[in-house]
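These notes are about the structure you will find just below.
The values are calculated or read from the model by the stated rules, or taken from the named source; none is laboratory data. None of the values given here were measured: they were computed from a predicted structure. Cβ: placed from backbone, ideal geometry, glycine included. Neighbour counts: every protein chain shown. Ligands, DNA and RNA are stripped out before the accessible areas are found, and what is left, the full protein with its side chains, is counted by its heavy atoms. Shrake-Rupley method; radii C 1.70, N 1.55, O 1.52, S 1.80 Å.
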Amino acid sequence: MRSSALAFLLLLPLCSPFSFVAPRRPPSQLPATPTISGNNVDLTPALTSHATEKVTAATDKFPALDCTVSVHLVVNRNPAVAKSHSAEAVVRVKGGGVIRAKVDTGDMYSSIDEVARRVSGKLSQGMMRALSYISSNGLPPNTSVSRIVEGAENTMFKQLFAQWNPPVKFDFSRGPSTSVAANAEQKDVDFAALHKRMAAQEASVDDGSGKVEVWRIEDMQKVPVEKSMYGQFFGGDSYIILYTYEKAGVEEFIIYFWQGRDSSQDEKGASALLAKELDDQLGDRPVQVRVVQGKEPAHFRNIFGGTMIVRSGGKASGFKNREDTDSYDVDGTELYHVKGTSPSNTYGVAEPADPRLFQCTNVTGAFSIEEVSNFSQEDLIDDDVMLLDCFTTVFLWVGGGANATEKKEAIKTAQ
């Protein structure tokens, strides 16, 4: 069941989820000067000064983000190109965030002005959300803010979680870059290596024939699940599974804590804490594994012998949804998506499944694809192509600033 992220607020009563990395800049500390570079353009003092002034003004509105900026200016000498003056800005936010904006016009000063405006707009979107959160939760006005993006989480952010399992990302051979517009060699994607890597990650410790015990999180406590219901999960709940097996005559343990997509933050936090408590009771011998709905490893599916299903609904529990009612399917009709590679690891998931959004870009010079989590319309980037996977249909959203390579490669990816 959905709820706010109170589990984290209990651990950090004086901080917001955005307020634990980047300190505000002291008044005496000057902002870093933007790096200005260019191709086919005369970087005169007047042009450099204009670019520095405009971009600094755009980023200095948000001192808490502690930004560093690089600007690259390019003039296309082809007379057939009307908008031949290009300005591209890359803003790196302390804590791992990166914001990019690129503008082509017929005048370099106009391109600089517009790219600075876009940078300010993109920064203000995240900042306004953070300021609104700070205000609505009664936090101090001087609460620091940092932008954290998926795949670039720093150590301070990760330490707030009982266990951190970063998502698996596809490597599309992004080459190193020494400047904003450095040319990177586009390499063929090694699909065989991707499959081998996934096979290694899916390796199992045994055949799944060990002892299984399952608990569901109810009102912040673990409640035993009837054995007849082993393998049946509800997307609105979180569970703890203790798997016991023998290795070389020695008893070994694995503690899985499974978190449903619609489980409340309270329940997810409780599942991590109670898993750690169970680990302590067993003398710190078990291996803890966090499992999120839709990302179940092969061994986790194997221990249920092909009978695992994920149903819609769940039990209302947690601090923020105590007034909710339990929700389960009651009409006797459910649609499931059945998948797996063998009878032992086959499982079914109640539909509909959530769509997935991917960003297709070659901002570094090499085409790459990255998934956008918890996305909204604001995540559509004008300078790139966005791919929306609805399982039975794939949509391509082409931004106005997307280049020909991004469009071509995105179409190939969708196919």
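Rundown of residues vs (1) at pLDDT 90 or above; (2) surrounded by 13 or more Cβ atoms within 10 Å (Cβ to Cβ); (3) part of a loop (DSSP other than H, G, I, E, B), yes/no style:
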residue	(1), (2), (3)
3	no, yes, yes
9	no, yes, no
18	no, yes, yes
22	no, yes, yes
26	no, no, yes
55	no, yes, no
73	yes, yes, no
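The sole residue among 280, 284, 266 that is more than 19 Å from the chain's Cα centre (by Cα) and not in a helix (DSSP H, G or I) is 284. Exactly one residue out of 394, 398 is more than 27 Å from residue 115 (Cα to Cα) and open to solvent by 50 Å² or more (accessible area, probe 1.4 Å): that is 394. If you go through the stretch 392-401 and keep only what is without any contact (Cβ under 8 Å) to a residue 40 or more places away in the chain and either of a type in the set (Gly, Ala, Ser) or out of contact with any helix residue (DSSP H, G or I) (no Cβ under 8 Å at 6 or more places or on another chain) (or both), you end up with 392, 393, 395, 397, 399, 400. Just one residue in the set 198, 156 is among the hydrophobic types (A, V, I, L, M, F, W, C), closer than 20 Å to residue 369 by Cβ, open to solvent by 40 Å² or more (accessible area, probe 1.4 Å) and at pLDDT below 70; that residue is 198. Being modelled with pLDDT of 80 or more and open to solvent by less than 60 Å² (accessible area, probe 1.4 Å) is a property that does not hold for residue 149. Checking the stretch 295-305 against the condition returns a match, with at least one residue being surrounded by fewer than 19 Cβ atoms within 10 Å (Cβ to Cβ) and touching a Pro at 6+ places or on another chain (Cβ under 9 Å). Condition first: open to solvent by less than 40 Å² (accessible area, probe 1.4 Å), farther than 25 Å from residue 341 by Cα and not in a strand (DSSP E or B). Can you find one or more residues in the stretch 244-260 that meet it? Within the stretch 244-260, not a single residue is open to solvent by less than 40 Å² (accessible area, probe 1.4 Å), farther than 25 Å from residue 341 by Cα and not in a strand (DSSP E or B). One residue stands out among those in the stretch 75-116 that are of a type in the set (Gly, Ala, Ser), buried (at least 23 other Cβ atoms within 10 Å of the Cβ) and not in a strand (DSSP E or B): the one that is modelled with the highest pLDDT, which is 111. In the stretch 339-350, the residues that are farther than 16 Å from residue 293 by Cβ and touching a residue at least 40 places away in the same chain (Cβ under 8 Å) reach residues that are part of a loop (DSSP other than H, G, I, E, B) and of a type in the set (Asp, Glu) with C-beta atoms within less than 8 angstrom, at least six apart or across chains, in these pairs: 344/207. Checking the stated criteria, residue 241 turns out not to satisfy the condition of being surrounded by fewer than 24 Cβ atoms within 10 Å (Cβ to Cβ), within 25 Å of the chain's Cα centre (by Cα) and among the aliphatic types (A, V, I, L, M).
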